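Here, each number is a calculation from the coordinates, and none is a lab measurement. All values derive from a computational prediction rather than experimental measurement. Cβ: placed from backbone, ideal geometry, glycine included. Neighbour counts: every protein chain shown.
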Amino acid sequence: MSESRAKAMRLADYQQPDFLIPELSLEFELDDHQTQVIATSKIVRQGDHDRPLVLHGEKLELTEVQINGQAVQPQGSDTDLTFASVPDEFTLRIVTRIDPANNTSLEGLYKSGQAFCTQCEAEGFRKITYFLDRPDVMARYQVKITADKARYPYLLSNGNKVDAGELPDGRHWVRWDDPFFKPSYLFALVAGDFDLLEDEFITQSGRKVALQIFVDKGNLHRAGHAMRSLKKAMAWDEQKYGLEYDLDIYMIVAVDFFNMGAMENKGLNLFNSKFVLADAAAATDEDYFNIESVIAHEYFHNWTGNRVTCRDWFQLSLKEGLTVFRDQQFSADMADPAIVRIKQVKVMREHQFAEDAGPMSHPIRPAEVMEMNNFYSVTVYDKGAEVIRMLHTLLGEQGFRRGMDLYISRHDGQAVTCDDFVQAMQDANNVNLELFKRWYSQSGTPVLSVKEQYDQQSGQFTVALHQHTPPTADQPHKQALHLPIALEVLGTHGSKSQVLSLTKESQTFPLGQFETKPQLAVLAGFSAPVKLDFKQDEQGLLNTVLYAQDPFLRWDASQQLISEALHRAAEQGQTVLSDNLQGLFEGVLEFAPEQRALAAEMLELPSFETLAQQRQRIDVDALLNARNALKRLLADRFHPQWQALSASSSQSYIYEADQVQKRRLRAVCLGYLAHRQDQSTLLQSAYTTSDNMTDTLAVLKACQQADHPLFSGLMQDFESRWQADSLVMDKWFALHGSHQHKDSLAKLQLLTSHAMYSINNPNKVRALIGSFAFYNTAGFHALDGGGYRFVTDYLLKLDAVNPQVASRLITPMLGFAHLDDRRQDLLTQQLARLLDNKSLSRDLFEKVSKALK
Ligand code: PHE
Ligand code: ZN
């Protein structure tokens, strides 16, 4: 790692650009190895200075440069191109060559299968041409694409198609014009041969928008759900926020090689095909849900991200936190809001709390960044959305909408900051949000301590709240935050809900007068992203499970009860089914037939990752054993109930709420049944009779988790059936990767040479190696160090191919503070091996060097 690449950028050092580029014309002559890019731009000096023009550029071959038609010779380096002195206003023409077929980083222009495509966020445009590749430089784009017509019948870019023509040599060209100013990260180009699904949407003001979804040939029948989702999202944003689409065409292209989920390029979204393609046979209910939410997310970016964009990348949460919040609201409106909320909270507790507790801890608006790609994090996205949700809770539905209206009207067409957003919320509502702003600059997970007090004499019930945020790797000192605390008081005459506003370290709130001590339940709807420290007896928690109004509180109480039992069992080395735990499961099983979805969530044990975040130190083996032992005890104790509830229905598959809930509950029941030896016939028949991927995968997962003897046979059958289907095979790879089995490393090694596996495809890497590192607890944390070594060996290879994917994969190796000394040692050794690699990417260098500090 060279010194210069290890340097961090700081938010405090932000400066306005020295030059602006209001106009850009791009001409592409596409070729696998020798693509030519002619960039002609109008450049204007900003302010009174004589500083040089420094353009970003990486991995470009420069063939020609002209200023106002005159050849010039700028100074080039690995990362930029410097023009010592330039006129105040001029035309710059730059011709470069690039090699898309060898671009394995999947950033810039690259090939996904047979198609050309681009990915420019955050700083990928500089791999296409020399430019001021920063979001506060916005241009009007005109794009001309030329390519072989037979192989690339579709040539796409942002905006409107304005012209097209043919060349005598079998090539053709298309010209695109995007009327909206945009930053370079929103540029996109696609060239390829696809099947095309077309539809249209009439906006609230009566304009007709053409909708097009491009998928690989043969996949047309799998694009319908994505199209329906898009139309729902478009209608929802009009109805909820009054926001209408602004171009005449909206295109989505599904590609197999993609570093992330999807990308909101103006008028031309690029999607990882797993977030577009679905049919009953090949996709699960979860896939259907995710597609609807990602399609909506990218669509919502058109206003929150594109029309109003970020001034600099430190402000990433301005568009991501807000857009995740918007897609969460949308999902809640489309499905069961409580279940949707539980899903989001699981992500926070499993992944975001872990990030904040590890070496990469950062506020939702980071102050210092070495590699921007490392900050597309659960903190910026999901904690960012929690921060927006708290604003929504504090301002109310209408107040929040007033703030949004002002934000959009005030900043349309601008590149702005998180402060600008909060300012708009504040101005529209006449409130003071100074204290609230700390959420943007302070990292870490606050611990909220709750003490209740009941005065027998007067009947007064009060609650004392205290907040404390432990120091994090990036910030030793913490301050009090503004926390909205939603709670329920369950008295003999029903329950009362309210939201307290905690603005100091400690505050006491009166909650009213009661004849007998009521039951208190805190953090309804997970109203703030905190850890709760509230000692309640098990009987109280049971009451909350059965009688609270907020389904989230009911679920949370069930999880607390189970979590405490599991930690106790791990500490004592003995797992028992206590009366209270038994009472919990009896109670939930009783209402399970009426409240299937909620019951399913309650009946499922908290994940190992969630449990791990609840203690300073954990004993991996003891906790894992306790969790498995409890599962077996419950499997036996409630055997008849699992069987009754897992009876399959004869309906054929539709993705609709009632069916989804049934399948979900059934999957949880199968998960218990697989822990008994006498259920092979039932499991086998559940597999054989399934007509959809949700039920099929439920059986496979149940067998995998229980290490049931049926597992390997079913997996073989599944492979022979689906071996040609790339997306479905990812599910198969993931099941192998996370299978906690004594031979799992050998199996993993073998699978890296499977015909469908490729280190160049991020979906494959995440499915196989990612599942191992993130979810194969026993294998990854094996005490002989084999798991850590395997992942490290793989990272060394992967980093040279695709540093962005490598950098995500290293996550489970970073959060080791709560592991035992032996494992910490083993991990440190492996991280040191990585750091020894002189050509380590900046992505991995940032994480590894922080972890070893
Ligand atoms: N901006 C994309 C989204 O959140 C994510 C993304 C980031 C995709 C960087 C690709 C590269 O929707
Ligand atoms: Zn986004």
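What FRET efficiency comes out for LEU852 versus SER753 if R0 is 35 angstrom and r is the Cβ-Cβ distance? Round to the nearest 0.05.
Given R0 = 35 Å and the Cβ-Cβ separation, E is 0.65.
Given the convex hull over the Cα atoms of segment 726-814, what projected area results after averaging over all orientations, in nm²?
About 5.0 nm², averaged over all directions.
How large is ³J(HN,Hα) for each residue in segment 823-837, as worked out from phi by the Karplus curve 6.51 cos²θ - 1.76 cosθ + 1.60 (θ = phi - 60°), to whole Hz, x for Gly and Pro?
These are the phi-based 3J(HN,Hα) values: 5, 4, 4, 4, 5, 4, 4, 5, 5, 5, 4, 4, 5, 5, 6 Hz.
How fast does segment 579-648 diffuse by Stokes-Einstein, in µm²/s, taking the Kirkwood radius from C-alpha pairs at 37 °C and 0.692 mPa s?
The calculation lands on 244 µm²/s.
Please compute one quarter of the surface area of the Cα convex hull for segment 795-853 and express it in square nanometres.
Spelled out: convex hull of the Cα atoms, projected over all directions, averaged, 3.6 nm².
What's the percent breakdown of Cα-Cα distances in the chain across 10 Å bins, shortest bin first?
P(r) over the chain, rounded to whole percents: 2, 12, 21, 26, 21, 12, 5, 1, 0, 0.
Seen from all sides and averaged, what is the projected area of the convex hull of the Cα atoms in segment 48-126, in nm²?
6.3 nm²
How would you rank 742-754, 236-248, highest first, on the average number of other Cβ atoms within 10 Å across their residues?
236-248, 742-754
Could you sort the peptides 180-189, 163-172, 506-515, 655-664 by per-residue average Cβ neighbour count (10 Å cutoff), highest mean leading?
Ranked by mean Cβ neighbours within 10 Å, highest first: 180-189, 655-664, 506-515, 163-172.
Quick check: the angle from helix 680-689's long axis to the longest principal axis of the chain, C-alpha only, nearest 10 degrees?
Tilt relative to the chain: about 40 degrees.
From the mean inverse distance of alpha carbon pairs (Kirkwood) and the Cα radius of gyration, derive Rg over Rh for segment 98-180.
When Rh is taken as the Kirkwood radius, the ratio is 0.98.
Any idea how far the Cα center of segment 833-853 sits from the one of segment 498-527, in Å?
46 Å
By its C-alpha gyration tensor, with a ≥ b ≥ c as the square roots of the eigenvalues, how is segment 1-145 shaped: rounded for a/c under 1.5, else prolate for a/b larger than b/c, else oblate?
Taking the square roots of the gyration eigenvalues as a ≥ b ≥ c, segment 1-145 is oblate.
For the pairs LYS346/LYS742; LYS343/LYS451; LYS111/LYS383; LYS343/LYS631; LYS161/LYS240, flag any whose C-alpha to C-alpha distance is greater than 26 Å.
LYS346/LYS742; LYS343/LYS451; LYS111/LYS383; LYS161/LYS240
May I ask you to work out the translational diffusion coefficient for segment 670-755 at 25 °C, viscosity 0.890 mPa s, via Stokes-Einstein with Rh from the Kirkwood sum over Cα pairs, reported in whole µm²/s?
186 µm²/s
If I histogram all Cα-Cα distances within segment 375-457 using bins 10 Å wide from 0, what percent of pairs lands in each bin?
15, 41, 28, 10, 5, 1, 0
Assuming a strict under-19 Å limit between Cα atoms, what lysine pair count do you get for segment 477-590 once near-sequence pairs (fewer than 8 apart, same chain) are dropped?
5
Check the straight Cα-Cα distances from LYS7 and name the lysines below 23 Å, setting aside those fewer than 8 residues away within the same chain.
Answer for LYS7, where 23 Å is the Cα cut-off: LYS59, LYS127, LYS838, LYS847, LYS850, LYS853, listed by chain and number.
Could you let me know the centre-to-centre spacing of segment 789-817 and segment 134-209, using Cα atoms, in angstrom?
36 Å
Give me MET372, MET263 sorted ascending by neighbouring Cβ count inside 10 Å, so fewest comes first.
By the 10 Å Cβ count, ascending, the order reads MET372, MET263.
Can you give me the P(r) profile for segment 290-447? Cα pairs, bins 10 angstrom wide beginning at 0, each as a whole percent.
P(r) for segment 290-447, in whole percents per bin: 11, 41, 38, 10, 0.
How big is the charge dipole of the chain about its Cα centre, in debye rounded to the nearest 20, if each Lys and Arg gets +1 on its Cβ and each Asp and Glu gets -1 on its Cβ?
880 debye
Calculate how steeply helix 538-547 sits against the longest principal axis of the alpha-carbon atoms of the chain, using the helix alpha-carbon long axis, and give the answer as 0 to 90 degrees to the nearest 10.
With both axes taken from Cα atoms, the answer is about 70 degrees.
List the relative contact order of the chain as a percent without decimals, with contacts defined as Cα pairs under 8 Å and 6+ residues apart.
Contact order relative to length: 9 percent.
Highest mean first, what order results for 783-795, 465-477, 555-567 on Cβ atoms within 10 Å?
So the peptides 783-795, 465-477, 555-567, ranked by packing, come out 555-567, 783-795, 465-477.
Using only the alpha-carbon atoms of segment 503-587, report the extent along each of the three principal axes, biggest first, to the nearest angstrom.
Its Cα atoms span 42, 30, 22 Å along the three principal axes.
Can you check what the Kirkwood hydrodynamic radius comes to for segment 254-298, Cα pairs only, in Å to one decimal?
After inverting the mean inverse Cα-Cα distance, the result is 10.7 Å.
Between 0 and 90 degrees, rounded to the nearest ten: what's the tilt of helix 418-429 against the longest Cα principal axis of the chain?
Computed tilt is about 70 degrees.
First measure r as the distance between the Cβ atoms of GLN398 and ALA464, then evaluate 1/(1 + (r/R0)^6) with R0 = 25 Å and state the FRET efficiency to the nearest 0.05.
According to the calculation, E is roughly 0.20.
Please list, or write none, the lysines whose alpha carbon is within less than 23 Å of the alpha carbon of LYS747, excluding same-chain residues fewer than 8 places away.
Leaving aside lysines fewer than 8 places away in the same chain, those within reach of LYS747 are LYS701, LYS731, LYS764, LYS797.
Enumerate the amide H contacts of SER112 below 5 Å, restricted to partners 5 or more residues apart or on another chain; note that Pro and chain-start residues carry no placed amide H.
CYS117
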